[in-house]
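Heads up, the thing below is written out as structure tokens.
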Amino acid sequence: MIEMQSVYKTYPNGVTALNGIDVHIAQGEFVYVVGPSGAGKSTFTRLMFREEKPTKGTVLVNDMNLSKLKERKIPKLRRQIGVVYQDFRLLPRLSVYENIAFALEVIEESPKNIRKRVMDVLDQVRLKNKARFIPDELSGGEQQRVSIARAIVNHPKLLIADEPTGNLDPETSWEIMSILEEINASGTTVVMATHSKDIVDKMRKRVIAIEDGLVARDEHRGDYGYEA
Amino acid sequence: MMNIEVITAMKLRTMGRHFREGSKSVWRNGWMTVSSVGAVTTTLLLVGVFLALMLNLNQITQEVEKDVEIKVLLDRTLQEDKDISRVEKELNSISDVGSVEFSSKEQELERLIESMGDEGKAFELFDQSNPLKDAFVVKPSDPTDTMEVADKIRGIEGVSEVNYGEEIVQRLLQFNEYARTIGLALIIALVFTAIFLISNTIKITIIARKKEIGIMKLVGATNGFIRWPFFIEGMLLGILGAIIPIAAVVSGYYYLYYNLRDKIQFEFIQLLPFDPFAWQLSLLILGIGVFIGIWGSVMSVRKFLKV
């Protein structure tokens, strides 16, 4: 699914974020990415959907070589990947339904398909009754569920979540985690960058720790490993 | 498998969406829209007036040029048959000569008398001892070559004098050129101002849509899909800006054409006919408006989206 071979990333301002990363993630895995702030977690996840380009090395996602991926092929890659952010990134003027439908409209799905798939995915994140609400009328947890729904409405093979529980209280965080687990159980690979010791330690999945731009630890059924 | 109808339906639906998005922005940008439409309007008004002037001036110049003829007066000593047919042959052998016509001194006198009207009758006295010379009337195949052709004719033996309306032609051509240069410079400056204002207006749309664009990119919208609404917005601004100029130019030309046509005496001043010229001009104005609008949007989209 994801293959990184001696990946380096130096930003134009001279900051080195990644210093030779080798990682292999198989289809269907659930992976936590942990590490101190500024150690390269975000860069690491952003490489996977070609938000960033490696300075050196190879990044393969779903058999596509992202270091060589042409600009105009990026949309094709993105349609196979769902992305969830800490700050939800919903469009404030659109309803829950419209926010999710937007992701399908811009890839030119037919209206019939859009309706069906949006309703399906709302069911999956248990928000069918809030379809007509706008984001401001929802709690943080609900908003994050909308953004997850938007990320998976296109049935991606890979879901990348960058601190999806960062803005949420512990109870709501667990709601989100159970939804992510369900998504993973249906076969979607999930890569989640997080600072939550609680979640990582309880859920016991594969943990990749990144420090100073290097993989410091890569354990199956690992723990958070840092003080909370 | 997708058949052609399904793809066409899809494209139409997508285009419909782009149009909705583009027109929404035109409406939402309020005063920015007004100012850029205003700039396009001013530009196109001037372009329209200038074009109408230019094209008519061109037409008049062409008419005048068509009438340019070189009069070649022959020495009186030439032998009626032998020498004159030699000169005619030589005239015909000059490249760039279109037509050569002989006009005997009797014919010349008749013409002179005719052209003078009543006063010309006085010249009828010369009927017996005609002081005029036999002549050839030569038309150059390209009026701009008149001077060269005239020079070559001067070199022919037996030619006493070569005349053509060099003054008028030269002046008209020169005026035409000045008008064109000044007008073009003015129009290019205005077109760029309008493009700049439109690209600024669209920049505002893009900034307002930054979040939306980010999400579009994230879920895999193609670059073309993201760009289209901005093109449409620019195009609409251009079309809106063309409305007043087209109305003004068409009605202005209508007035000019039907009112002044009869008052102008000179035969060679013929305005281009209202129908089709006014419609062709309208189309041209609309086209330039659309071009300005699309170029303005392309500029800001390229700079701001980096998609």
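Just so you know, all these numbers are worked out from the coordinates, no wet-lab data involved. On a predicted model such as this, the values are computed, not experimentally measured, just so you know. Here the Cβ positions follow ideal geometry from the backbone for every residue, glycine too, while neighbour counts run over all protein chains shown.
Points worth noting:
- For the options B:Lys24, B:Lys11, B:Lys66, a Gaussian network treatment of chain B with springs between C-alpha atoms closer than 10 Å singles out B:Lys11 as fluctuating the most.
- Lys, Arg +1 and Asp, Glu -1 on Cβ, resulting dipole of the protein assembly as shown about Cα centre, debye, nearest 20: 4200
- Ellipsoid semi-axes in whole angstrom, largest first, where each is sqrt(5λ) of the Cα gyration tensor of the protein assembly as shown: 82, 26, 18
- Most mobile listed residue (B:Gln270, B:Gln128, B:Gln174) in chain B, GNM with C-alpha springs under 10 Å: B:Gln128
- Ranking of A:Met192, B:Met54, B:Met235 by count of other Cβ atoms within 10 Å, fewest first: B:Met54, B:Met235, A:Met192
- Calculated on C-alpha atoms, the gyration radius of region A:91-153 divided by its Kirkwood radius gives an Rg/Rh of 0.93.
- Region A:105-176 versus region B:110-139: alpha-carbon centroid distance in Å: 99
- Order of A:Val33, B:Val138 - criterion: other Cβ atoms within 10 Å of each residue's Cβ, fewest first: B:Val138, A:Val33
- With respect to chain B, whose longest principal axis is taken over its alpha-carbon atoms, helix B:30-66 is tilted by about 20°.
- Against chain B, whose longest principal axis is taken from its Cα atoms, helix B:166-208 shows a tilt of about 0°.
- Computed over region B:69-164, the ratio Rg/Rh where both radii use C-alpha atoms and Rh is Kirkwood: 1.01
- Cut-off of 10 Å, at most 12 other beta carbons, DSSP loop: longest stretch of chain B lacking such GluC sites (Glu not before Pro): B:158-266
- Full extension of the chain segment joining B:Glu63 with B:Glu161 gains 32.7 nm, where the gain is 0.36 nm per residue of separation less the Cα-Cα distance.
- Helix-only mean residue ellipticity at 222 nm for the protein assembly as shown, each DSSP H run of n ≥ 4 adding -39500 (n - 2.57), per residue, nearest 500: -18500 deg cm²/dmol
- Length-normalised contact order of chain B in % [C-alpha pairs under 8 Å, at least 6 apart]: 31
- Label point 7 Å beyond Cα of A:Lys53 along Cβ direction - residues of region B:279-307 with amide nitrogen under 18 Å: B:302-307
- Cross-link partners of B:Lys89 among aspartates and glutamates (Cα-Cα below 15 Å; sequence separation of 8 or more within a chain): B:Glu80, B:Asp81, B:Glu101, B:Glu157
- In this simple spin-label model, placing a label point 7 Å from the Cα along the Cα-to-Cβ direction at both B:Ala185 and B:Ile168 gives a separation of 3.0 nm.
- Take every DSSP beta bridge whose two residues both sit in the protein assembly as shown; close to 65 percent of them are antiparallel.
- Assuming charge only on the beta carbon of Lys and Arg (+1) and of Asp and Glu (-1), the dipole of region A:91-153 about its Cα centre is about 200 debye to the nearest 20.
- Förster radius 35 Å - calculated FRET efficiency between A:Arg217 and A:Arg89 (Cβ-Cβ, nearest 0.05): 0.70
- Annotation for A:Ser178 and B:Asp142: the two label points, set 7 Å from Cα along the Cα-Cβ direction, are 8.8 nm apart.
- Crossing angle, helix B:4-28 versus chain B [Cα axis fit, 0-90 degrees, rounded to tens]: 90
- Residue (of A:Ala185, A:Phe88, B:Thr222) at the positive-pole extreme of the protein assembly as shown, dipole from beta-carbon charges: A:Ala185
- Electrostatic tally near A:Arg78: other residues with Cβ closer than 9 Å to its Cβ, Lys and Arg +1, Asp and Glu -1, net +4.
- GNM top mover of B:Arg13, B:Arg171, B:Arg28 - chain B, alpha-carbon springs below 10 Å: B:Arg13
- Difference of contour (0.36 nm per residue) and Cα-Cα distance, B:Glu80 to B:Glu110: 8.9 nm
- Residues B:Trp31, B:Trp295 arranged by fewest to most Cβ contacts within 10 Å: B:Trp31, B:Trp295
- A simple spin-label model places pseudo-atoms 7 Å from Cα toward Cβ; at B:Ile207 and A:Arg204 they are separated by 5.4 nm.
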